[in-house]
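Colleague: This is the structure, below, for whatever I ask next.
The values are calculated or read from the model by the stated rules, or taken from the named source; none is laboratory data. The shown structure was predicted, so the numbers you read here are calculated from the model rather than taken from an experiment. A quick note on method: Cβ atoms are made from the backbone with ideal geometry, for glycine too, and the neighbour counts reach across all protein chains shown.
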Amino acid sequence: MTELVLASQSPARLATLRSAGIEPFVLVSHVDEQAALDSAGADHGPLAAEDVALLLAHAKCQAVASRFAEGDVPDDAPESALMLGCDSVLEFEGRTLGKPVDAGDAAARWREMRGRSATLFTGHWVIDDREDGTSATFGAVSGTEVHFADISDAEIEAYVATGEPLAVAGAFTIDGLAGPYVERIEGDPHTVVGIGLPLLREMFAEIGVEWHTLWNRPRG
């Protein structure tokens, strides 16, 4: 069995992996995302949405891998594992949108997005830190087009009041309260939740890890 370390505090990513039979060891990276973006922007100029997602996924994964290398991990942490970092952003009309800064920002986004479409990008970064592994470090991005329903002002206000959109990239979910407000998607639905399982399976296969070897969660 292959152990997986998830460098993310996202409940949706954890729930998605659990549903797919994997109970990862979770270790939050605590990366300063804005500092990482500012540094990359100073070196390379403006970043495309997919580059932002990949950059932050890499930063999170690398931060957690460094903690393992330094021994700065809980006693129950696996000694040998694959490290995974993920990050999601929404591209809407050429703008890259992460989590809204406050309720007003979330409401304003929804008034713009309703009845229109955007692309949700999720970046994935893997570091093979297994004792007998490849030592590979690499990333990939998946993108899914999201078509929003033309919801009313009252629906927007009610949704924003729940607080849910403040905690997620793009200010919406498809696996939560905003599910009825998304008419359809084109692409992998897991990408919108924050972790693209089909892409991740392909990434693991590149380093000789078959998906079923990660199963460690009892199925009811």
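Colleague: So, of the residues in the stretch 52-80 that are in contact (Cβ under 8 Å) with a residue 60 or more places away in the chain and not aliphatic (A, V, I, L, M), which turns out to be nearest to residue 93 (Cα to Cα)?
Modeller: My answer is 58.
Colleague: Could you pull out every one of the strands (runs of 3 or more DSSP E) wholly within the stretch 85-204 that has 3 or more residues that are aliphatic (A, V, I, L, M)?
Modeller: Because the criterion is at least 3 residues that are aliphatic (A, V, I, L, M), the strands (runs of 3 or more DSSP E) in the stretch 85-204 that meet it are 117-129, 137-148.
Colleague: In the stretch 187-220, which residues are closer than 30 Å to residue 147 by Cβ and among the acidic types (Asp, Glu)?
Modeller: Step one: filter the stretch 187-220 for residues closer than 30 Å to residue 147 by Cβ, giving 187-203, 211.
Correct list: 188, 202.
Colleague: Do we have residue 8 as under 19 Å from residue 139 (Cα atoms), touching an Asp or Glu at 6+ places or on another chain (Cβ under 9 Å), of a type outside the set (Val, Ile, Thr) and assigned to a loop (DSSP other than H, G, I, E, B) here?
Modeller: Details: under 19 Å from residue 139 (Cα atoms): yes; touching an Asp or Glu at 6+ places or on another chain (Cβ under 9 Å): yes; of a type outside the set (Val, Ile, Thr): yes; assigned to a loop (DSSP other than H, G, I, E, B): yes.
So residue 8 passes the test.
Colleague: Of the residues in the stretch 77-93, how many are at pLDDT 95 or above and either under 17 Å from the mean Cα position of the chain (by Cα) or surrounded by fewer than 15 Cβ atoms within 10 Å (Cβ to Cβ) (or both)?
Modeller: Total meeting the criteria: 11.
Colleague: If you don't mind, there's one more thing I want to ask. Consider residue 67 against the criteria (1) under 22 Å from residue 140 (Cβ atoms); (2) assigned to a helix (DSSP H, G or I); (3) of a type outside the set (A, V, I, L, M): it satisfies all of them except one. Which criterion is unmet?
Modeller: That leaves (1) as the condition not met.
Colleague: Continuing with this model, one more query. Just give me the residues in the stretch 20-37 being among the polar types (S, T, N, Q) and surrounded by 13 or more Cβ atoms within 10 Å (Cβ to Cβ), in sequence order.
Modeller: Answer for the stretch 20-37, where residues must be among the polar types (S, T, N, Q) and surrounded by 13 or more Cβ atoms within 10 Å (Cβ to Cβ): just 29.
Colleague: Can you pull out every residue in the stretch 205-220 that is assigned to a helix (DSSP H, G or I) and either among the acidic types (Asp, Glu) or surrounded by 14 or more Cβ atoms within 10 Å (Cβ to Cβ) (or both)?
Modeller: If the condition is that a residue be assigned to a helix (DSSP H, G or I) and either among the acidic types (Asp, Glu) or surrounded by 14 or more Cβ atoms within 10 Å (Cβ to Cβ) (or both), then 206, 211, 214 are the ones that fit.
Colleague: Let me spell it out: the conditions are (1) modelled with pLDDT under 95; (2) within 25 Å of residue 135 (Cβ to Cβ), and residue 204 meets all of them except one. Which number is the exception?
Modeller: With respect to (1) modelled with pLDDT under 95; (2) within 25 Å of residue 135 (Cβ to Cβ), residue 204 is out only on (1).
Colleague: How many of the residues in the stretch 64-104 are of a type in the set (Phe, Trp, Tyr) and under 12 Å from residue 121 (Cα atoms)?
Modeller: Total meeting the criteria: 1.
Colleague: Which residue pairs have Cβ atoms under 9 Å apart, sit 6 or more places apart or on different chains, and have a first residue in the stretch 3-25 that is at positive phi and a second that is buried (at least 18 other Cβ atoms within 10 Å of the Cβ) and not in a strand (DSSP E or B)?
Modeller: Note: pairs meeting the criteria are 21/214.
Yes/no matrix, rows are residues, columns are (1) in contact (Cβ under 8 Å) with a residue 60 or more places away in the chain; (2) farther than 19 Å from residue 56 by Cβ:
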| site | (1), (2) |
| --- | --- |
| 86 | yes, no |
| 91 | no, no |
| 95 | no, no |
| 110 | yes, yes |
| 119 | yes, no |
| 124 | yes, no |
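Colleague: When you scan the stretch 37-64, how many residues do you find that are over 16 Å from the mean Cα position of the chain (by Cα) and either closer than 29 Å to residue 131 by Cα or not in a helix (DSSP H, G or I) (or both)?
Modeller: Going through the stretch 37-64 one residue at a time, the tally reaches 4.
Colleague: Let me ask something else about it. Working carefully through the options 150, 102, 132, 175, find the one that is surrounded by fewer than 19 Cβ atoms within 10 Å (Cβ to Cβ), of a type in the set (Asp, Glu), farther than 23 Å from residue 30 by Cα and touching a residue at least 60 places away in the same chain (Cβ under 8 Å).
Modeller: Values: 150 fails: touching a residue at least 60 places away in the same chain (Cβ under 8 Å); 102 fails: farther than 23 Å from residue 30 by Cα; 132 fails: touching a residue at least 60 places away in the same chain (Cβ under 8 Å).
That would be 175, the only listed residue that is surrounded by fewer than 19 Cβ atoms within 10 Å (Cβ to Cβ), of a type in the set (Asp, Glu), farther than 23 Å from residue 30 by Cα and touching a residue at least 60 places away in the same chain (Cβ under 8 Å).
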